[in-house]
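The values are calculated or read from the model by the stated rules, or taken from the named source; none is laboratory data. None of these values were measured; they are calculated from a predicted model. Note that each Cβ is placed from the backbone with ideal geometry, even for glycine, and that neighbours are counted across all protein chains shown.
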Amino acid sequence: MARARSVLARRLRDGLERRGYLEVETPVAVPFAGQEPHLRPFETTFRSDAPVPPDGVQGARRLHLQTSPEYAMKRLLARDGFSRCYQLARVFRDGELSRTHNPEFTLLELYAAPGSGDSIMADLENLVSECATEVPARKGHGRGAGTISLQPPFERLSCGEAFLRYAGFDPLLLDAEALAQAARACGVRPATGASWDDLFTQVLLERIEPALGIDRPTFLTEYPASQAALARLKPSDPRVAERFELYAGGLELANGFSELCDSREQRRRLEQEQELRQRLGREVFPLDEKFLAALDRIEEAGGVAVGFDRLLMLLTGVETIAEVLLFPAAEWYPAARRAP
């Protein structure tokens with residue numbers, strides 16, 4: 001598996017560099033955590049031993065281990081010379097431990113300006129295909145043995161189309177009460193008082209995701225605007241955003257967008273996420289003003305975060321993320337081996 005990780009990293013780097021992407025590095029310990037309501041970052045502290053720190057500020061500095069390098073990479077995207085950049089980043093998410101999650105893992109994150117969700121999807125499907133032309137089919141889909149073709153083009157399916165196909169309704173046409181009724185009708189048992197977004201996500205996880213990417217990978221596109229705080233809205237239908245996720249064998253591999261490059265609108269959306277974090281009882285973090293200031297220097301862009309370890313799971317045909325890690329967290333938390 002160590003050899004497989006090395007080969008995959010080398011192929012991804014070679015493919016990206018042929019396409020003009022520059023490999024970069026950004027800090028792992030950052031002063032501003034992301035606002036995504038359902039992520040919890042690890043916290044650490046910097047304590048200066050200098051009598052007078054360079055900026056004159058005394059005392060300890062609270063930092064967080066990055067959940068994604070997104071903010072820093074977009075700041076680079078706004079600078080000359082970094083219009084196409086990528087990195088294989090170590091990222092950290094507290095509480096995420098299951099058969100497909102590890103609290104420390106690797107993301108391949110890449111951005112292009114000018115660019116869009118469509119151009120990034122094109123780069124990504126060709127990049128994945130260069131790593132392998134087909135892979136073993138994942139278990140649990142009732143097909144028995146078989147393979148998944150990785151030959152482009154991958155399937156493109158909007159959320160509305162996917163819900164109609166696999167759940168029997170279009171969620172964008174329903175309010176929260178009607179969505180709860182539709183969820184129950186397709187066999188999903190929603191929690192009492194669940195919000196529209198919670199209901200959407202529950203049906204997505206239970207009915208849509210397992211059916212995606214069975215014969216070939218699927219790009220699930222046009223997520224509801226409320227599910228895409230960092231993405232540009234679709235000009236012809238502002239109910240949805242130009243966000244996509246890539247699935248293969250029912251496993252989510254990547255999350256990307258046409259980037260939102262409007263600092264005022266981005267600030268408004270992040271403030272909404274701060275309010276949601278507060279309602280959920282989660283800590284609310286300050287906004288990253290340098291990230292926001294960079295957005296207005298980017299005319300248009302696309303980007304994606306690819307789960308390197310999950311991509312390796314797909315290519316090697318294994319069922320758990322622990323099998324592709326040399327030191328999985330399951331070593332110190334054995335219950336994770338039984339988690340869903």
What's the number of the condition R138 fails, among (1) outside any helix (DSSP H, G or I); (2) in the same structural domain as L253 (by TED's automatic domain parsing); (3) in contact with a helix residue (DSSP H, G or I) (Cβ under 6 Å, 6 or more places away or on another chain)?
(3)
Kindly indicate which of S226, S149, S195, S236 is under 23 Å from L124 (Cα atoms) and hydroxyl-bearing (S, T, Y).
S149
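Here are some residues: A191, A167, A137. Which one is among the aliphatic types (A, V, I, L, M) and at pLDDT 95 or above?
Result: A167 is the single residue among A191, A167, A137 that is among the aliphatic types (A, V, I, L, M) and at pLDDT 95 or above.
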Expected output for region 32-49 (first residue in the same structural domain as E273 (by TED's automatic domain parsing) and assigned to a strand (DSSP E or B), partner among the acidic types (D, E) and modelled with pLDDT under 95, Cβ below 6 Å, 6+ apart or cross-chain) is none
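Go through the residues of region 71-86 one by one and say whether even a single one is assigned by TED's automatic domain parsing to the domain that holds L270, touching a Leu at 6+ places or on another chain (Cβ under 6 Å) and among the polar types (S, T, N, Q).
no
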Region 149-177, residues that are part of a loop (DSSP other than H, G, I, E, B) and free of Cβ contacts under 8 Å to residues at least 24 places away in the same chain:
G168, F169, D170, L174, D175
So how many residues does region 251-269 have that are surrounded by fewer than 20 Cβ atoms within 10 Å (Cβ to Cβ), of a type outside the set (S, T, N, Q) and in contact (Cβ under 8 Å) with a residue 24 or more places away in the chain?
4
For region 91-129, what are the residues that are outside any loop (DSSP other than H, G, I, E, B) and among the hydroxyl-bearing types (S, T, Y)?
T106, Y111, S119, S129
Boolean, S149 is among the small types (G, A, S) and within 23 Å of Q272 (Cβ to Cβ):
no
Looking at this structure, is R99 of a type outside the set (G, A, S), crowded, with 18+ Cβ neighbours inside 10 Å, in contact (Cβ under 8 Å) with a residue 40 or more places away in the chain and touching a helix residue (DSSP H, G or I) at 6+ places or on another chain (Cβ under 8 Å)?
no
What are the residues in region 183-215 that are in contact with a Phe, Trp or Tyr (Cβ under 6 Å, 6 or more places away or on another chain) and in a loop (DSSP other than H, G, I, E, B), if any?
L212, G213
Taking the condition under 22 Å from T201 (Cα atoms) and out of contact with any Phe, Trp or Tyr (no Cβ under 9 Å at 6 or more places or on another chain), does L276 pass?
yes
Which one of the conditions (1) within 20 Å of R297 (Cβ to Cβ); (2) free of Cβ contacts under 8 Å to residues at least 60 places away in the same chain does L77 fail to meet, given that it meets all the rest?
(2)
Residue satisfying all of: in region 232-266; of a type in the set (K, R) and part of a strand (DSSP E or B); farthest from R297 (Cα to Cα) among these:
R239
All but one of (1) modelled with pLDDT of 95 or more; (2) surrounded by 12 or more Cβ atoms within 10 Å (Cβ to Cβ); (3) assigned to a loop (DSSP other than H, G, I, E, B) hold for D80; state the number of the condition that does not hold.
(2)
Failed condition for E319, given (1) surrounded by fewer than 16 Cβ atoms within 10 Å (Cβ to Cβ); (2) closer than 22 Å to S119 by Cα; (3) among the acidic types (D, E):
(2)
